[in-house]
Amino acid sequence: MDSQGVAQASRISKAAGDYSRVSNFGNETKIGTSKFQRGNETIATIGENKTSALMDKAKSYYAVSNFGTETKLGSSKFQQTVKAASEQGQRNVSASMEKAASYTKVSNFGTETKLGSSKFQQANAQVSAKFAAVASA
């Protein structure tokens, strides 16, 4: 029995060793030669190729062209719309800020400003003046 077990183990070990042992004709082995392992290798290769293609496509949006510094970053319709809305918002805020600043800027021809020149501010000034006149009388 013992010798049969040793012989069986030896045969199994030899068969297993054939897959990882380097041949006399080079450094190739039989590892990875089963149908399952070849299928896995094929799947991995396809996955790597697809991933590479997707990464190349994604990179094309931020990679600088050989003919200048322009990129495709922000070239989608959604991104263009967001950019246009942002730029319009910046212009609106800038115009509003300039208009607001014009009321406190000193003119080039003297020290007067536009502060208090709106109809609302003038009405408040008139009410305040009338209230002061009534209070002093």
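The values are calculated or read from the model by the stated rules, or taken from the named source; none is laboratory data. Keep in mind that this is a model prediction, so the values were computed, not measured. No Cβ is skipped: glycine too gets one built from the backbone with ideal geometry, and neighbour counts run over all protein chains shown. For accessibility, only protein heavy atoms count, side chains too; no ligands or nucleic acids. Shrake-Rupley method; radii C 1.70, N 1.55, O 1.52, S 1.80 Å.
Okay, residues lined up against (1) open to solvent by 100 Å² or more (accessible area, probe 1.4 Å); (2) closer than 30 Å to GLN121 by Cβ; (3) of a type in the set (Val, Ile, Thr); (4) modelled with pLDDT under 80:
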site	(1), (2), (3), (4)
THR29	no, no, yes, yes
ALA53	no, no, no, no
GLN88	no, yes, no, no
LYS105	yes, yes, no, yes
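Can we say PHE131 is open to solvent by 100 Å² or more (accessible area, probe 1.4 Å) and at pLDDT below 80?
The answer is no for PHE131.
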